[in-house]
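Laboratory data are not the source of any read-out in this text; all were calculated from the coordinates shown. Remember, predicted model here, so these are calculated numbers, not experimental data. Here Cβ is always computed from backbone atoms with ideal geometry, including for glycine, and neighbour counts include all displayed protein chains.
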Amino acid sequence: MYQKIINKIKPELDKVIVFLERELLKIRTGRATPSLVEDIEVDCFGQKFPLKQLAAISAPEFRQLLIQPWDKSYLEPIEKAISKSSMGASPVVDKDLIRLFLPPMNEDYRKSLLRILSEKQEDAKKTIRRWREQIWSEIQDGFRKGEIREDDKFKAKDKLQDLMDEYNQKIEEIRKRKEKEINI
């Protein structure tokens with residue numbers, strides 16, 4: 001009985017990991033990647049679209065992004081959206097494409113990124129703790145109702161903690177990997 005309760009949160013914990021990884025892709029490291037700009041909202045035709053829906057984005061060089069709009073009419077709105085974003089880079093329109101040269105990272109910017117990284121890590125850990133509390137509460141309810149025996153309740157607590165440790169370790173590994181990228 002308790003194993004069913006524990007198993008039902010695994011997909012939710014996996015979502016936390018996937019969300020964290022996606023969020024960290026948006027944090028600029030020493031290398032240019034399309035994920036840095038693909039979700040920038042562009043005001044086009046009175047609606048907002050993520051940049052990835054309006055253009056092809058590539059990284060031909062270490063600190064350069066190339067943005068090729070599907071239609072020339074998207075050039076100006078894309079340029080404005082990138083200029084307004086907190087990228088720290090100025091877009092350069094070159095005929096029918098936009099080049100974005102990322103400046104080298106300074107120490108203050110690195111520290112700022114590491115602070116953001118820590119915040120995102122802590123948010124993921126908080127979400128996992130909330131899931132642990134919810135599942136532990138369900139297990140205790142099952143015990144009170146007589147659906148779970150006392151020794152199974154303690155086995156469930158241990159298994160739940162093992163699962164939490166496993167996901168916290170994944171979060172830590174993701175953080176270390178991103179920290180290494182930031183410090184390149």
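Less than 18 Å apart at the alpha-carbon level, and either on another chain or at least 8 residues along: which lysines does that give for residue 52?
Those lysines meeting the cut-off are 26, 72, 80, 84.
Charges on Cβ only, +1 for Lys and Arg, -1 for Asp and Glu, centred on the Cα centroid of the chain; of 2, 13, 25, which one is farthest towards the dipole's positive end?
2
Relative contact order of the chain, please, whole-number percent, based on alpha carbon pairs below 8 angstrom and at least 6 residues apart.
For the chain, the relative contact order is 26 percent.
In what sequence do 126, 80 fall when counting other Cβ within 10 Å, fewest first?
So the residues, fewest neighbours to most, are 126, 80.
Please give the net charge around residue 44, taking every other residue with its beta carbon less than 11 angstrom from that of residue 44, where Lys and Arg add +1 and Asp and Glu add -1.
-2
Quick one: longest stretch of the chain between exposed loop chymotrypsin sites (Phe, Trp or Tyr not before Pro), exposed meaning at most 11 other C-beta atoms within 10 Å and loop per DSSP?
So the longest stretch without any such site is 71-184.
Quickly estimate the mean residue ellipticity at 222 nm for the chain, helices only: each DSSP H run with n ≥ 4 gives -39500 (n - 2.57), and the total goes over all residues, rounded to 500.
-19500 deg cm²/dmol
Taking 8 Å as the Cα distance limit and 6 or more residues as the minimum spacing, I'd like the relative contact order of the stretch 34-101 as a percentage.
Relative contact order comes out at 29 percent.
Can you give the charge dipole size of the chain about its Cα centre, rounded to the nearest 20 debye, using +1 on the beta carbon of Lys and Arg and -1 on the beta carbon of Asp and Glu?
Approximately 260 debye in magnitude.
Please grab the % of Cα pairs in the stretch 1-128 that end up more than 19 Å from each other.
Here the tail beyond 19 Å accounts for 57 percent of pairs.
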